[in-house]
Structure formats: C-alpha cells, structure tokens
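What follows is a single structure, written as structure tokens, with notes after it.
The values are calculated or read from the model by the stated rules, or taken from the named source; none is laboratory data. If you're wondering where the values come from, they're calculated on a predicted model, not measured in any experiment. Glycine gets a Cβ as well: all are built from the backbone with ideal geometry, and neighbour counts include every protein chain shown. For the accessible areas, the whole protein counts, side chains as well, though only heavy atoms, and no ligand, DNA or RNA atoms are used. Shrake-Rupley method; radii C 1.70, N 1.55, O 1.52, S 1.80 Å.
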Amino acid sequence: MRKGKLLIRLLILSTLILSGCFKEHDTISIKSSGDTTFKSDIEITDKKMGIKDAEKVSNEFLKELSKAGWKVSKQWVSKNKPYKLIFSGSGNLKNVKNANDFYHLKRVSDKKIRIQFIPANSKNGKSSRSIKFNKSFFGDNVEILDSKGKHVSEIKNVLDRNWYTVILK
C-alpha cells in the first residue's frame, strides 16, 4: 500500500474511533472445536461523514477481518444517515490472527484462548460496543470467563482493558 493511501486510511479510522461515531452490537457463537460465527450490527452516527467515507471505512474493516483469517461479508441495511450495516463471518479461534481494530488473541493452550475485545470508542467508562454470546442448541458450547473466573454470556460495555478466557472442550 502506498504511503498516501495508508495515511488516508489511518486518518479516517482514527477520526471515526476518536470521534465516537460508531455503535456496535456483536452476536458470537463459539463451538468447542473453536469454530466461531459472528454477526456485527454497526451504526455509523457521525453526522459529518458521507456515504463514500462510510463505504471506505467499512471496506477497510472487511479487509482487516479477512486478512486475520475470517470469512466475512458485509451487508448495508441503510445508506442514509445514520448508516447501518452488518458484518457476518466465520472462522476458527485456533487459526485466526489478531484483528487490531476488533480484538486481540493470546493462545494459552490448545483448549484455552484469551481474548480482549476492542470497543469502537469509549468515554468515561462507557463503550459503544456490546457482545452477546449465543449458546448452541446441541450442547457444543465453550466456557467464557471474565478475569475473576465468572461465566460470561454477555458483555454490555466492552472496554479494551478487559480480557476474557475461552475454554474449548
């Protein structure tokens, strides 16, 4: 990537993240094998941003997730302000890499993975990102624990200083 394009990408991404113009709700399903599916409902609330900028940013996010090893798709729900779109994807936690705008992974063992989710923005201890973990109907579930060892089924306020442990069976 040329320096000019990289600089433009970084400026757009940092402007969006710092301006607090995203709302994101993720629904994640993780099987005991590490196979994972997700759906991210995203609303871009920046009043100054045009649809071309929103398209560029969403394409960059799509590229980052794909580069990390996810099979991912994007669907626009609304191209009118506030812009709304859905990212859907699948992959295996044992094989995907870090996607720095979304999460950080640390593999502790074959059965234990630590993950830190990155909020789109956070101010005064409040985040614009929430996550719900779906349970499988077939009992092929994992354990997701917070830093105190408590089971987690939902994160209402994603803060980037919190780590979670996924225990595969």
* Structure fact -> Treating only Lys and Arg (+1) and Asp and Glu (-1) as charged, each at its beta carbon, one finds that the chain has a dipole about its Cα centre, in Debye to the nearest 20, of 360 debye
* Is there a pair in LYS97/LYS135; LYS79/LYS132; LYS81/LYS106; LYS31/LYS156; LYS48/LYS123; LYS47/LYS150 whose C-alpha atoms are over 31 Å apart, and which pairs would that be? -> LYS81/LYS106; LYS47/LYS150
* Answer rounded, prolate or oblate for the chain, using the Cα gyration tensor with square roots of eigenvalues a ≥ b ≥ c: rounded when a/c is under 1.5, else prolate when a/b is larger than b/c, else oblate. => prolate
* Note the angle between two axes, namely the Cα long axis of helix 51-67 and the longest principal axis of the Cα atoms of the chain, as a number of degrees from 0 to 90, rounded to the nearest 10. => 30 degrees
* Structure fact -> Sorted by accessible surface (1.4 Å probe, heavy atoms of the protein chains only), largest first, ARG114, ARG161 come out as ARG161, ARG114
* **the chain, accessible area per residue, ligands and nucleic acids excluded (1.4 Å, Å²)** => 59 Å²
* To do: Round to the nearest 10 and give me the degree value, 0 to 90, for the angle of helix 3-19's Cα axis relative to the longest principal axis of the chain.
  => 70 degrees
* Structure fact -> Checked region 34-109 against the a/c 1.5 cut and the a/b vs b/c comparison, axes a ≥ b ≥ c from its Cα gyration tensor; verdict prolate
* Take the solvent-accessible surface of the protein heavy atoms, probe 1.4 Å, and return the percent of it on the chain that carbon and sulfur atoms account for. => 52 percent
